Amino acid sequence: MNIVKTVAEVREQVKKWKSEGLSVGLVPTMGYLHDGHASLMDASKRDNDRTVVSIFVNPMQFGPTEDLDSYPRDLEHDSKIAEEHGADLIFNPEPEEMYHDNFSSFVDMTVLTEELCGLSRPVHFRGVCTVVTKLFNIVQPDRAYFGKKDAQQLAVIRHMVDDLNMDIEIIGCPIVREADGLAKSSRNTYLNAEERKAALILSQAAALGSKLVQNGETDCTVILNAMKEKIQTEPLARIDYVKIVDAATMQQITVVDRPALCAMAVYIGKTRLIDNFFTEDIGNGGAA
Ligand code: PAF
């Protein structure tokens, strides 16, 4: 497996593969790879002849007070995992390779980005849409793989691909969890032992909400109140949001009468964690 740093090197390799008639899958990541990323690579390997993994901590999607500098980075660890999961190429650019000095073009989106994480992280989705567009243009994959843990991101990218006629199939993959239920995340490394235990409150609240929906509850206030009460039993937890939205538009709903996403962001100490369930996934293994 090759690790390259420049756009030109990726282009050259992908051009060669395409000239041989090979299909290409892209797994965009910010590195510090875990089993969640591994499941995306496995899915790409299953669907495509070649898999490119991008590892780039994208400064543009972090707000000024967020964790850009402390975000965990370990290329050696990442290349081992990528190799084990059949990746053929890692694209690991420096920020200057992605954003030259007079960089001034952005991909932005209204509506879908104005709820949930978009409210607490105002610059986030502009950064995500811009970097993902660049990665799509650089790699020109047939398919790209994203985790359902970042449910709003997945919806935003699907919408962007549709709006801008990008000829790429977007595949959403189920949340991968630790044995005790905590959703895998590179940010879990920020948690100390006490916080790690407290963080279970997210998956427990998601499981509670999911159970209520499964048992026929459709009133969003009832579901959300039960989940919030559960989260508030944990002294280290501070709710950013717990909401139910239309799964396609990301707009809040009051009744679960269509495919919906129940999403939360909760601070455990200083660490902001997210979790969710899609009502469509309840009962088929993709839920909380
Ligand atoms: O989900 C992530 O890791 C990032 O938001 C992504 C899609 C790689 C863009 O930087």
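Is it the case that residue 196 is within 23 Å of residue 153 (Cα to Cα) and surrounded by fewer than 19 Cβ atoms within 10 Å (Cβ to Cβ)? No: the conditions fail for residue 196.
Filter segment 59-87 for residues that are within 20 Å of residue 21 (Cα to Cα) and within 16 Å of the ligand (Cβ to nearest atom) and give the result.
Answer for segment 59-87, where residues must be within 20 Å of residue 21 (Cα to Cα) and within 16 Å of the ligand (Cβ to nearest atom): just 87.
Candidates 187, 272: the one that is in contact (Cβ under 8 Å) with a residue 40 or more places away in the chain, in a strand (DSSP E or B), within 27 Å of residue 67 (Cα to Cα) and of a type outside the set (A, V, I, L, M, F, W, C) is 272. Only residues that are more than 19 Å from residue 168 (Cα to Cα), within 16 Å of the ligand (Cβ to nearest atom) and open to solvent by 20 Å² or more (accessible area, probe 1.4 Å) were counted in segment 93-112, giving 6.
When each of 156, 123, 139 is tested for being farther than 26 Å from residue 45 by Cβ and among the aliphatic types (A, V, I, L, M), the lone residue that passes is 123. When segment 43-58 is filtered for residues that are more than 10 Å from the ligand (Cβ to nearest atom) and more than 17 Å from residue 77 (Cα to Cα), the ones remaining, listed by number, are 43, 44, 45, 46, 47, 48, 49, 50, 51.
Any idea how many residues of segment 1-20 are of a type in the set (Ser, Thr, Tyr) and open to solvent by less than 80 Å² (accessible area, probe 1.4 Å)? Qualifying residue count for the region: 1. When the residues of segment 247-266 are filtered to those that are touching a Lys or Arg at 6+ places or on another chain (Cβ under 9 Å) and more than 18 Å from residue 225 (Cα to Cα), the one that is modelled with the lowest pLDDT is 248. Residue 177 meets each of the listed conditions (1) surrounded by 15 or more Cβ atoms within 10 Å (Cβ to Cβ); (2) within 17 Å of residue 259 (Cα to Cα); (3) of a type outside the set (S, T, N, Q) apart from (2).
Within segment 42-67, residues that are without any contact (Cβ under 8 Å) to a residue 40 or more places away in the chain and part of a loop (DSSP other than H, G, I, E, B) reach partners that are within 16 Å of the ligand (Cβ to nearest atom) and among the charged types (D, E, K, R) with beta carbons closer than 9 Å, at six or more positions or on different chains, in the pairs 57/73.
Does residue 116 count as under 27 Å from residue 253 (Cβ atoms) and touching a residue at least 60 places away in the same chain (Cβ under 8 Å)? Considered against the rule, which asks whether it is under 27 Å from residue 253 (Cβ atoms) and touching a residue at least 60 places away in the same chain (Cβ under 8 Å), residue 116 comes out as yes.
The values are calculated or read from the model by the stated rules, or taken from the named source; none is laboratory data. Note that the coordinates shown come from a computational prediction; the quantities given were computed from them, not determined experimentally. Quick reminder, even Gly has a Cβ in these numbers, built from the backbone with ideal geometry, and neighbours come from all protein chains shown. Ligands, DNA and RNA are stripped out before the accessible areas are found, and what is left, the full protein with its side chains, is counted by its heavy atoms. Shrake-Rupley method; radii C 1.70, N 1.55, O 1.52, S 1.80 Å.
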